[in-house]
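Notes follow the structure.
The values are calculated or read from the model by the stated rules, or taken from the named source; none is laboratory data. Everything quoted here is computed from the prediction, not taken from an experiment. Here the Cβ is made from the backbone with ideal geometry for all residues, glycine too, and neighbour counts use every protein chain on show.
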């Protein structure tokens, strides 16, 4: 059993090094964490949001991710925001905190179409603590721990910046973003040990559409694709149904990884609460009991100009 746990932990480490940026099942509701060009364009309204993702529950060293975001328009053409993302892997063995400020400039096109261009700038704090980390007595493959295998405790803060574009109308949107343009190393060569980690460039492409079936029902298909060097493309496809602009439920599929079910409700005019559950379909399903994700969205109307949460593009 100890060997199985060790093998699973190493698989997790390999996966995380290839896909460093987390991806969320309810990705349509925290887009500015990835794309600085995402805007609501609702003057006088500050949009707040928070999300917690507990991945691969019951697995040893399972990842946990928290994020907080806020953004608001300063004018019809300028919107600013902030996003904070915290990842914890292996019960505080590896921790990463990202704090970024966002800036978006909105271009008004013909027929109500809009194109937003965004910049993201901030820093990443990367912290490792292998003090209480223990390997099995012998290597699961060769029977011996490799002599060159080493882990170094560190606490490093590195700058980074990103960019994105967001094209939207009252019915649909398409976005593309690269949230981290700098490929900075977490551990340089030190005492004969080569670099063990670094930031890879991620490319995110997503889109969504709102079909108004009748006065009560709206159908909301969407997708999110992520590409990063050294890893297969990750593709999420989702279909949600919104009833009476208050209750929403749907299903999602992550290619070769998981099926998901999600539900959210507008508890008050300005507050929406959501939950998603992922069921793993890959071989990792033997080592975990699924993934839980909780979401909160709050719109603070500073001028009393808006009523309700449900406005495009806030459908997304």
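Remarks
- Residue that is farthest from the chain's Cα centre (by Cα) [pool: residues in the stretch 124-167 that are at pLDDT 75 or above and loosely packed, with under 14 Cβ neighbours inside 10 Å]: 155
- Selection over the stretch 274-296 of residues that are closer than 18 Å to residue 252 by Cβ and in a strand (DSSP E or B) gives a count of 12.
- Scope the stretch 191-200; condition at pLDDT 55 or above and surrounded by fewer than 16 Cβ atoms within 10 Å (Cβ to Cβ); matching residues: 191, 192
- Residue check for residue 100: closer than 20 Å to residue 301 by Cα, in contact with a helix residue (DSSP H, G or I) (Cβ under 9 Å, 6 or more places away or on another chain) and either assigned to a loop (DSSP other than H, G, I, E, B) or modelled with pLDDT of 90 or more (or both): no
- Filtered residues of the stretch 226-240 (kept if surrounded by fewer than 21 Cβ atoms within 10 Å (Cβ to Cβ), part of a strand (DSSP E or B) and in contact with a helix residue (DSSP H, G or I) (Cβ under 8 Å, 6 or more places away or on another chain)): 228
- Criterion (within 30 Å of residue 40 (Cα to Cα), surrounded by fewer than 16 Cβ atoms within 10 Å (Cβ to Cβ) and modelled with pLDDT of 65 or more) met by exactly one of 176, 203: 203
- For residue 216, the requirement of being at pLDDT 90 or above, surrounded by fewer than 12 Cβ atoms within 10 Å (Cβ to Cβ) and in contact with a strand residue (DSSP E or B) (Cβ under 8 Å, 6 or more places away or on another chain) is met.
- Residue 110 being over 27 Å from residue 279 (Cβ atoms) and either surrounded by fewer than 21 Cβ atoms within 10 Å (Cβ to Cβ) or under 21 Å from the mean Cα position of the chain (by Cα) (or both): yes
- For first residues located in the stretch 78-90 and free of Cβ contacts under 8 Å to residues at least 12 places away in the same chain, partners that are in a strand (DSSP E or B) and buried (at least 20 other Cβ atoms within 10 Å of the Cβ) and lie 6+ apart or on another chain with Cβ distances below 8 Å do not occur.
- Selection over the stretch 241-256 of residues that are surrounded by 15 or more Cβ atoms within 10 Å (Cβ to Cβ), in contact (Cβ under 8 Å) with a residue 24 or more places away in the chain and closer than 18 Å to residue 23 by Cβ gives a count of 3.
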